[in-house]
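The structure under discussion appears below in the form of structure tokens.
The values are calculated or read from the model by the stated rules, or taken from the named source; none is laboratory data. Computed from a prediction, not measured in an experiment: that's the story for all the values here. As a convention, Cβ positions derive from the backbone with ideal geometry for all residues, glycine included, and neighbour counts pool all protein chains shown. Accessible surface is based on the protein model in full, side chains and every heavy atom, while ligands, DNA and RNA are left aside. Shrake-Rupley method; radii C 1.70, N 1.55, O 1.52, S 1.80 Å.
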Amino acid sequence: LVSTRDDSIGKKVFLKGNYEDGMLARVVAELERERPGIRRGIFLDVGANIGTVCLTGARQLGFRRVIAFEPEPFNFKLLRMNTILNDAEDVVETVNAAVSDRAGELQLALSLTNPGDHRVHVKTCSDNRFDEDQWKQVAVPAYTLDGFLADRKIPAEEIGFILLDTQGHEGQVLSGMPRLLKQGIPLCLEVWPYGLERAGGKQKLIDCLTGAYTHFA
């Protein structure tokens with residue numbers, strides 16, 4: 001199920017039947033050469049949107065368990081419905097929350113044109129090239145990844161793969177997962193210079209990644 005107002009991810013799914021399936025399959029295949037048991041671990045999908053990636057991981061790539069985080073309420077409804085329609089409730093746990101460097105509540109700025117581009121609100125920024133300062137905001141709950149797993153008594157060692165797509169908030173997400181970073185868990189993330197700079201997370205991302213990983217693609 002997709003929104004008819006979604007001219008980005010939803011439109012591509014409607015026309016092609018999928019979105020970035022090949023990307024995820026290539027990434028997992030490449031990582032599996034170095035870590036054969038990756039699919040036996042838990043897949044964390046941070047910024048799951050309507051479920052295109054996490055459902056591919058669960059139903060086509062064979063991850064035994066997926067935890068998918070999506071903060072925006074309408075996207076989350078579609079994520080939940082798509083999980084049900086794909087008979088994936090036994091594998092995919094959906095969480096209606098943001099992920100950051102602190103737990104509590106965050107303001108999510110809602111894109112006027114692309115429901116895949118909602119972002120954690122930046123209070124002050126001179127660069128608003130997409131008119132972000134005009135976007136409506138909604139309060140959403142937030143976790144750190146380390147805190148979320150600790151609350152549910154899930155050992156960091158059980159995580160097999162992490163995907164981050166948080167529209168520039170990746171530096172803050174990484175800052176909130178030091179225990180996971182110590183495990184050297186395979187990580188795939190979007191690197192968007194404008195979004196990272198605007199969110200104040202560029203240096204955080206660089207510091208976290210260079211402190212935890214030795215190889216990058």
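Check the range 157-168 and report whether any residue there is more than 17 Å from the chain's Cα centre (by Cα) and of a type in the set (D, E).
Within the range 157-168, one or more residues are more than 17 Å from the chain's Cα centre (by Cα) and of a type in the set (D, E).
Considering each of R129, R119 in turn, give the residue that is in contact with a helix residue (DSSP H, G or I) (Cβ under 9 Å, 6 or more places away or on another chain) and open to solvent by 30 Å² or more (accessible area, probe 1.4 Å).
That would be R129, the only listed residue that is in contact with a helix residue (DSSP H, G or I) (Cβ under 9 Å, 6 or more places away or on another chain) and open to solvent by 30 Å² or more (accessible area, probe 1.4 Å).
Counting only residues that are part of a strand (DSSP E or B) and among the small types (G, A, S), which one in the range 134-188 is surrounded by the fewest Cβ atoms within 10 Å (Cβ to Cβ)?
The selected residue is A139.
Might you let me know whether the range 41-62 holds any residue that is under 20 Å from G176 (Cβ atoms), in contact with a helix residue (DSSP H, G or I) (Cβ under 6 Å, 6 or more places away or on another chain) and among the hydroxyl-bearing types (S, T, Y)?
no
If I filter the range 168-217 down to residues being touching a residue at least 12 places away in the same chain (Cβ under 8 Å) and polar (S, T, N, Q), which single residue comes out as farthest from N128 (Cα to Cα)?
Q183
Considering only residues of the range 189-212 that are assigned to a helix (DSSP H, G or I) and closer than 15 Å to R102 by Cα, which is least open to solvent (accessible area, probe 1.4 Å)?
Restricting to residues being assigned to a helix (DSSP H, G or I) and closer than 15 Å to R102 by Cα, the top hit is A199.
Which residues, taken from the range 149-160, are touching a Leu at 6+ places or on another chain (Cβ under 9 Å) and within 23 Å of E72 (Cβ to Cβ)?
The answer is L149, and nothing else.
Is there a residue in the range 106-121 that is assigned to a strand (DSSP E or B) and farther than 19 Å from L196 by Cα?
No, the range 106-121 has no match at all.
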